[in-house]
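Take a look at the structure set out below.
The values are calculated or read from the model by the stated rules, or taken from the named source; none is laboratory data. Owing to the predicted nature of the structure, the values given are computational and were not obtained by experimental measurement. Heads up, the Cβs are rebuilt from the backbone with ideal geometry, glycines too, and the neighbour counts pull from every protein chain shown. Ligands, DNA and RNA are stripped out before the accessible areas are found, and what is left, the full protein with its side chains, is counted by its heavy atoms. Shrake-Rupley method; radii C 1.70, N 1.55, O 1.52, S 1.80 Å.
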Amino acid sequence: MFPVISLALRRRALKCRESRRAVATVISGSKLSQHVTERLKKDVAEMNRQLPGFRPGLVVLQVGDRDDSNLYISMKLKAAARIGINANHIRLPKTATQDEVLQSIQLYNEDPDVHGLIVQLPLDSIHPMSTEKVTNAVDPDKDVDGLCSVNAGKLARGDLQSCFIPCTPNGCMELLKHTGVSVSGKNAVVIGRSKIVGAPMHDLLLWNHATVTCCHSKTPDLPAEVKKADILVVGTGNAEMVKGEWIKDGAVVIDVGINYIPDSSRASGMRVVGDVHYPSAQERAGFITPVPGGVGPMTVAMLMENTVKSAARFLQTYRPGKWSVTYTKLKPQKPQPSDARISQCATRKPIHQLAKEIGLFSKEVEVYGRGGVRVSLDVLKRLDKQPDGKYVAVTGLTSSPLTEGRSIVTLGLAQALGGHLKVNAFACVRQPSLHHCLGVRGAAVGGGYSQISIEEARSLFTGDAEAVLAFSGLITDTITAYCHYQAKLSDQALFDVLVPVRDDHRAFSSSQLKRLQRLGVEKYDPSTLTQDEIRRLVRLDINPDVRTDRASLDGEIMAVVSLSRSVEDLQDRLARMVVAHSTSGEPIITEDLGISGVAGVLLKESLKPCLMQTLEGTPVFLHISPLADAAWGSPSIMADKMALKLVGPQGFVVAETPHCENFFSITCRSSGLRPHVLVIVTSVRALKMCGGGPRVTAGFPLPEQYSKQKVELLENGCAHLQRRLETARAYGVPVVLAVNTFSCDSEAEVEMVCDQARRFGAVEAVQCSSWSEGGAGALELAHGVQRAAEIQSMLHFPYELQMPVIDKMKKAAWQMCGAEDVELSAKAKEKLERYIKQGFGHYPVCISESRICMRNDAGVKVVPISDIQAYAGAGFLRFVPDMTNRREDPTWPRLLVDSHLESPVS
């Protein structure tokens with residue numbers, strides 16, 4: 001179409017010359033822009049055909065409410081609508097500060113649905129603003145106005161294919177192109193040197209091989225310079241400044257100016273003219289653009305073209321549901337250095353880069369520690385419509401003193417899926433508590449070439465534990481104060497303390513109103529309470545001999561954070577924690593103490609998972625410290641849910657969990673999430689321990705049975721493997737066995753374990769060497785997990801909540817330990833009866849410190865229970881086995897014997 005228009009213009013000019021009438025051919029920007037619009041409509045339709053539902057996105061950001069700006073924006077929005085561009089007008093008030101404008105720009109810079117972002121000038125704000133700083137804040141890849149320094153610099157260097165050209169100069173070049181006049185070798189004069197028109201117009205003509213002169217207010221003899229021009233572009237903002245007699249015969253005149261002059265013949269009293277005196281110029285020029293109807297429509301058309309071009313560039317690299325993560329290729333060394341040395345030598349990308357690669361916006365992350373960022377819960381709201389990815393739970397077969405490498409396999413599997421199979425993959429692991437950090441696990445999360453940096457993990461104690469300790473301390477201090485003052489003060493005195501007069505007025509707090517409702521008192525005015533109602537409100541009658549100990553409080557609070565689904569759920573769970581009992585045996589919750597609101601403030605930040613990375617650059621959510629021997633050790637529901645949204649429907653989230661029984665019966669019930677695959681990690685030496693191998697103490701040399709091939713021990717241990725796999729299969733989720741290999745394992749031993757696992761019902765059984773090879777050592781496991789995830793499954797909970805508590809306990813004991821029964825101490829029986837009366841009998845159950853079941857005397861038939869604790873906030877009953885006669889030797893602190901953990905001397 002464009003060549004036809006160009007030919008028509010040339011024929012018309014030829015006829016004018018032949019008839020010896022010096023009348024310039026009018027170059028209609030309105031007509032050319034219509035043809036551009038039709039072409040762009042076809043381009044957008046083709047994009048939509050390639051990716052159904054896709055539309056180029058344009059945002060016009062305006063500060064203030066100027067009438068002229070509103071008119072220009074309206075033109076842009078209408079043009080975008082005709083083409084099929086999704087254009088949005090964002091107006092900030094005149095009171096907006098520069099920082100607020102920059103924040104808005106950053107927001108749209110990061111939005112993948114926005115391909116073009118323009119800031120409408122001038123900035124109409126009551127505050128001082130730097131136009132340069134604001135325009136340069138726009139991402140060069142979205143700067144469809146072509147005004148930022150990066151695009152201007154590329155244009156000045158002649159990189160025309162890799163930059164966005166400012167719309168007005170670009171429109172001028174299109175108008176020139178369609179006159180049929182070759183720019184190459186011509187003398188071109190540009191009047192004006194503005195950053196929007198004059199300077200970029202000079203560069204465009206120069207790189208199209210014209211000899212260019214740029215004139216301005218200091219040019220001494222402007223008419224003489226204009227007389228030399230074969231091509232004249234005028235953009236000064238001075239009405240009819242250039243006269244016809246200045247213009248060279250047959251020159252091409254592009255008039256960029258838009259000015260208003262008085263005209264009594266017009267209803268408005270004003271007339272629009274350009275920078276060139278049109279009547280006289282038309283008699284000398286060969287081609288001329290009118291005002292209006294010349295450059296203006298083409299400016300808008302070129303803005304639309306830049307937006308469509310930006311969208312096309314986006315589609316070239318866009319892979320639906322695929323991250324563009326830059327992974328680090330590891331080069332494992334032989335012999336393998338210590339974990340600390342590997343960590344110190346690793347090259348890691350900035351954590352903000354990783355956050356951007358996985359689709360997080362800058363406003364959704366906040367720096368925390370040396371190599372991590374906290375992630376805002378707003379991500380879940382933004383991605384609410386995004387389908388979840390595949391959910392993979394990684395647990396251990398046997399909890400041995402040496403550990404089996406559960407964290408190593410978790411991180412290695414995520415690295416294999418992400419860095420090697422190019423699948424969106426996220427790992428979710430818990431923070432190392434100080435107890436484990438100084439023990440056999442060392443200071444890192446994972447180990448070898450499948451770890452999070454020791455330095456980063458060690459420096460990133462995110463404050464979760466401190467917040468938990470602060471709240472548990474507040475609970476114990478409040479209980480102590482109540483116990484002291486309830487014996488010292490009268491009912492009225494307590495009432496005056498708890499419901500004080502402020503500004504001659506008493507008012508109940510929200511927690512006091514809820515307590516009154518639980519007491520059956522529907523009153524809202526403190527002055528209307530009777531003396532009996534005042535007594536019932538303020539006098540808790542706490543029994544000082546029956547109160548929750550500090551360690552149990554810590555454990556339950558961390559479990560509450562782990563199991564909470566939202567800030568509101570966290571607040572509700574913290575409020576219903578049972579922290580003491582009255583002398584009559586009634587439970588007292590934190591809301592009765594009036595401190596549940598403070599709890600929400602203290603622990604709200606703890607809901608945010610911390611984003612870190614493995615040595616290969618795979619994203620990891622590090623969240624929830626179990627506070628050493630607390631009952632709960634799983635990562636948080638919030639971390640898992642957020643990761644599942646971020647990876648998308650084709651991605652994988654690999655979550656570590658210590659006990660699959662607690663994971664299925666408690667975590668899955670609370671979260672509503674259902675795992676697609678269960679990976680069980682074991683090792684040859686762990687199975688030998690279960691098969692009757694000699695006792696092991698971490699930190700001391702292993703007996704030779706574990707470093708040499710001992711088939712009989714391994715065969716005995718496989719009986720334990722059979723029971724655990726049969727139990728896991730009963731959950732209805734495909735089971736994959738990962739054998740974490742050590743250098744002392746023989747091929748025969750590893751193959752024997754894999755064969756037995758397949759015979760016992762595992763859909764896949766593979767060896768895993770992610771400690772020594774990183775993600776490459778877990779590739780076979782990754783392929784197995786992918787295949788298993790395609791199997792249709794239906795989760796079956798271990799037991800129904802309506803079952804009697806003792807039956808649920810027996811079921812859990814069998815699943816975890818292979819025990820046939822449980823034996824409750826007198827104290828445990830008394831507490832269980834009390835909890836059932838208080839309405840906690842429908843809770844799921846959790847057995848803590850289950851290593852009792854995993855020793856080499858694991859043929860135990862009865863699990864002795866010494867204590868029971870009701871975690872009402874977390875929503876489960878914790879059963880504590882009697883470990884009196886089963887104490888193990890203490891673990892030798894690893895930090896004291898590993899000199900590699902010392903910081904290198906700089």
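Summary of values
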| read-out | value |
| --- | --- |
| Between segment 549-581 and segment 242-318, the alpha-carbon center distance in angstrom | 69 Å |
| Separation in nanometres of the label points that stand 7 Å from Cα toward Cβ, at Gln106 and Arg695 | 5.8 nm |
| Per residue solvent-accessible surface (Å²) - segment 528-646, probe of 1.4 Å | 29 Å² |
| Surface share of carbon and sulfur [accessible, 1.4 angstrom probe, percent] for the chain | 52 percent |
| Contour excess over end-to-end distance, with Cα ends at Ser582 and Asp221 and 0.36 nm allotted per residue | 120.0 nm |
| Trypsin sites (Lys or Arg not before Pro) restricted to segment 223-267 and DSSP loop, no more than 15 other C-beta within 10 Å | Lys228, Lys243, Arg266 |
| Distance violations [Cα-Cα > 25 Å] among Lys186/Lys227; Lys331/Lys710; Lys94/Lys133; Lys78/Lys142; Lys322/Lys390; Lys608/Lys810 | Lys331/Lys710; Lys608/Lys810 |
| Which label in [x] 170; [y] 231; [z] 214 gives the computed volume of the Cα convex hull per residue in Å³ | [y] |
| For segment 211-250, accessible area per residue (1.4 Å probe, heavy atoms of protein chains only), Å² | 50 Å² |
| Estimated dipole of the chain in Debye, rounded to 20 [Cβ of Lys and Arg +1, of Asp and Glu -1, Cα centre] | 2920 debye |
| Rounded FRET efficiency, nearest 0.05, which uses the C-beta distance separating Asp378 from Leu315 and R0 of 41 Å | 0.90 |
| Local electrostatic count, Phe663, Cβ distance below 11 Å [Lys/Arg +1, Asp/Glu -1] | -2 |
| Nonlocal amide H pairs with Asp141, under 5 Å, H built at 1.01 Å | none |
| Val367 paired with Leu469, simple spin-label distance in nm, labels 7 Å along Cα-to-beta-carbon | 2.6 nm |
| The chain - percent relative contact order, Cα under 8 Å, separation 6 or more | 12 percent |
| Other-chain or far-sequence residues with amide H under 5 Å of Val863's (modelled H) | Asp821, Val822, Glu823 |
| Antiparallel bridge percentage (DSSP; both residues within segment 25-309; nearest 5) | 10 percent |
| Estimated inter-spin distance, Asp249 and Glu780, nm [label 7 Å along Cα→Cβ] | 8.9 nm |
| Beta bridge orientation in the chain: antiparallel %, DSSP, nearest 5 | 30 percent |
| For Arg406, solvent-accessible area (1.4 Å; no DNA, RNA or ligand), Å² | 50 Å² |
| R0 of 25 Å, Cβ-Cβ distance Lys827-Leu801: FRET efficiency to nearest 0.05 | 0.50 |
| Segment 757-832 versus segment 472-519: alpha-carbon centroid distance in Å | 46 Å |
| Computed over segment 466-604: relative contact order in percent, which uses C-alpha pairs under 8 Å that are six or more apart | 30 percent |
| Per residue solvent-accessible surface (Å²) - segment 46-183, probe of 1.4 Å | 44 Å² |
| Charge dipole (debye, nearest 20) of segment 676-792; +1 at Cβ of Lys and Arg, -1 at Cβ of Asp and Glu | 420 debye |
